[in-house]
Amino acid sequence: MICHPDAERSRRGRTCCLLNLKRSAHQLGSADGAEIAEAALVLPLVFMLLLGIIWFGRAFNIYATIQQAAQQGAIVAARSSCATCGNQTSDSAVTAVVEAVMKSANLDMTQIISNAPASPVFCANPPYPAGGCSTKSNNVTVCRNVQLNPPATTQPVQCGTAVMFQYPFTFNFPGTSLNMQQIILSAQAQSRMEN
């Protein structure tokens, strides 16, 4: 039975409208229960997806920051300490640049892990000093006078510096197998030395 506005004035019309309202409320109440159950199933999955986006985004941000720090360190290491004397920039100046970039992103320098190269190929060109790698107390490895291009190429040998280190990142992802898992992010950058 459908209630019409002009039928509401009569007693029968009021009874009709009340019955329709009760039916609508009953149907709406049963639909609310299903929607609550669906929301209870879907919301944790959406929450986990958002949490994953946040934590993987943070890992990518840290990786980009340490890569930038290594690149800035390699650029400083490739420069001479003065324009006319040809001296190399000290390792402490290189690590100071790395530390400045890391501190700008609120990363802890004490968590850096050393990442020494297995067997770098050093250049034997006379204009450059003898090559070597050194790792200071802050675990940043600086290699000088290393060959940047692979030895088997037909191109002229490119000599430069390399700066490398690793940084740990711990996921805080409750309810998954990634919770409190630590990954090691590696940063390595090279810069060509100029004559």
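FYI, it's all coordinate maths here, none of it is from the lab. All figures in this text were calculated on a predicted structure; none of them were measured in a lab. When we count neighbours, we look across all protein chains shown, and the Cβ atoms used for this are built from the backbone with ideal geometry, even at glycine.
Numbers for the structure displayed
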{"item": "Highest-first arrangement of 61-71, 106-116, where packing means the average Cβ count within 10 Å", "result": "61-71, 106-116"}
{"item": "Estimated FRET transfer efficiency (residue 135, residue 157; beta-carbon r; R0 30 Å; 0.05)", "result": "0.75"}
{"item": "Förster-model FRET efficiency, 30 Å R0, residue 90 and residue 179, C-beta, rounded to 0.05", "result": "0.10"}
{"item": "Amide proton proximity set for residue 88, modelled H, under 5 Å, gap of 5+", "result": "81"}
{"item": "Contour minus Cα-Cα distance for residue 40 and residue 63 (0.36 nm per residue)", "result": "4.7 nm"}
{"item": "Derived scalar couplings ³J(HN,Hα) [the range 102-115; Karplus, 6.51 cos²θ - 1.76 cosθ + 1.60; whole Hz; x for Gly, Pro]", "result": "5, 5, 5, 9, 6, 9, 7, 5, 6, 8, 5, 10, 5, 9"}
